[in-house]
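Structure first, then comments.
Derivation of every value follows stated rules applied to the coordinates shown; laboratory data play no part. Since the structure is predicted, the reported quantities are computational estimates derived from the model, not experimental observations. Here the Cβ is made from the backbone with ideal geometry for all residues, glycine too, and neighbour counts use every protein chain on show.
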Amino acid sequence: MSIEFERITRDNYREALALTLPEAQQRFVASNQQSLADAYVWPAARPRLVRHDGQAVGFVMTFPFEQEGRAALNLVRIMIDGRFQGRGLGRAVMGQLLDESRAEGFCLMTLSVQPDNRTAISLYEALGFRNVGEEAGELRFERDLCD
């Protein structure tokens, strides 16, 4: 499956803002508008448009940091537009993100998820993430990328 990540710029940010989740999922992740505002305040954040066969289908935002002397990457946001869900794109995006992060030298990926987001939790567990506890009402997951 052809997945590409594209840095958000003045030329494509409207495409990112046009992506939406089904109403039932909107409580699980901040809007792309909020994510872009967060990225403006936190310049190290890496917001990217997700393209599949050239079409904008989703959004991811990561944030590099260091944990116990290891280069780590926090997956702050991930979303697949409701029109494109159910096609395996979430799994493909995560696989691509894990591969690219490893290639960039990151040894750890972390993320948080709401405890009742069973679909996301199942995906993360299937991809080798392990639950490492709870923080601020969300479950924290980690995946070693250098094993």
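The mean sequence separation of alpha-carbon pairs under 8 Å and at least six residues apart, normalised by the residue count of the stretch 3-144, gives a relative contact order of 19 percent. Residues ASP38, ASP81, ASP144, ASP11, ranked from the fewest to the most other C-beta atoms within 10 Å, line up as ASP11, ASP144, ASP38, ASP81. Going from the residue with the fewest nearby Cβ atoms within 10 Å to the one with the most, VAL132, VAL50 rank VAL132, VAL50.
Karplus-based coupling profile of the stretch 106-114, in residue order and whole Hz: 7, 9, 8, 10, 10, 6, 10, 8, 5, with θ = phi - 60° in 6.51 cos²θ - 1.76 cosθ + 1.60 and x standing for Gly or Pro. Could you tell me whether the stretch 78-147 comes out rounded, prolate or oblate from its Cα gyration tensor? Rule is a ≥ b ≥ c as square roots of the eigenvalues, rounded for a/c under 1.5, then prolate if a/b exceeds b/c, otherwise oblate. Oblate, because a/c is 1.5 or more while a/b does not exceed b/c. Quick one: grab the alpha carbon gyration tensor of the chain, order the square roots of its eigenvalues as a ≥ b ≥ c, and give me rounded if a/c is under 1.5, else prolate or oblate depending on whether a/b is larger than b/c. Rounded, since a/c falls under 1.5. Ordered by the number of other Cβ atoms lying within 10 Å of each residue's own Cβ, fewest first, PHE141, PHE65, PHE106 fall into the sequence PHE65, PHE106, PHE141.
Among the GluC sites (Glu not before Pro) within the stretch 39-110, which fall in a DSSP loop and have no more than 12 other Cβ atoms within 10 Å of their own Cβ? Walk me through the numbers on the way to the answer.
Numbers: sites: GLU66, GLU68, GLU100, GLU104; in loops: GLU68, GLU104.
Passing both the DSSP loop test and the Cβ count: GLU68, GLU104.
Working note: Karplus 6.51/-1.76/1.60 with θ = phi - 60° gives the stretch 55-68 the couplings 9, 5, 10, x, 8, 9, 9, 10, 9, x, 7, 10, 10, 6 Hz, where Gly and Pro are set to x.
When the chain is treated as a Gaussian network with alpha carbon springs shorter than 10 Å, the biggest mean-square fluctuation among ALA136, ALA71, ALA30 belongs to ALA136.
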